[in-house]
Amino acid sequence: MPDLLLPEWKTAGQSMARHGWHLEVQASGTQWCALAAALSNWPSKIVIDHLGLPHAQNPKAIHSVLQLFSQAHVWVKVSGPYRSSPQDADEMFARLVKAGSTDRLVFGSDWPFTRHEDQTYASILEWGRALAGEELFDRMMTTNAQTLFGWADPTSCRRAEPALQGPRD
């Protein structure tokens, strides 16, 4: 596990912030407790992968993820329920929703399901919709992702008018 407080990591974080990039973190268990202080002060956006890989038997890790999520620069990717357990993933999602800031939840399919090839894209979409409900799921897939990545609002983009041309000879 990297020491994110080292000068080279701080420099990397500042560079990421300048470019509008985010740091995606996949950690579990006690790793969250060890990373929490550095991630709390990370200069760019952070995306916690797979709901933080929650496990009910590690409440300190769950608390660390929830504490991180309370900060405006921290996002959570709702994905990979089979990487912890569907029950733990569902419970963590419920706790994140209860904490508020559902505008910082994004959906991810986790395709190509490395080491979980028995999963299908359709089943993960079904899980996400059932978990979040249509309205929140739609926001996680569109508006929230758009905000995270800094994409232009497609409704604000207008088709350029063709340049006026003079008479043809």
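Some points to look at:
- The mean sequence distance of close C-alpha pairs (under 8 Å, at least 6 residues apart), as a share of the length of segment 41-124, puts its relative contact order at 31 percent.
- Pairs of Lys residues in the chain, spaced 8 or more positions apart or belonging to different chains, with C-alpha separations under 22 angstrom: 6 in total.
- For a modelled paramagnetic label at R115, 7 Å from Cα along Cα-to-Cβ, the residues of segment 64-104 in reach, with backbone nitrogen under 16 Å, are 80-86.
- Given charges at beta-carbon only (K, R positive; D, E negative), |dipole| of the chain in Debye: 440 debye
- Accessible surface of the chain, 1.4 Å probe, proportion on carbon and sulfur as whole %: 54 percent
- Accessible area per residue in Å² at 1.4 Å probe, computed on the chain: 61 Å²
- The solvent-accessible area of R83, taken with every protein chain present and a 1.4 Å probe, is close to 50 Å².
- The chain: relative contact order as a whole-number percent, Cα under 8 Å and 6+ apart: 17 percent
The values are calculated or read from the model by the stated rules, or taken from the named source; none is laboratory data. Remember, predicted model here, so these are calculated numbers, not experimental data. Don't worry about glycine lacking a Cβ; one is built from the backbone with ideal geometry, like all the others, and counts go over all protein chains shown. Calculation scope for accessible area: heavy atoms of the full protein, side chains included, ligands and nucleic acids excluded. Shrake-Rupley method; radii C 1.70, N 1.55, O 1.52, S 1.80 Å.
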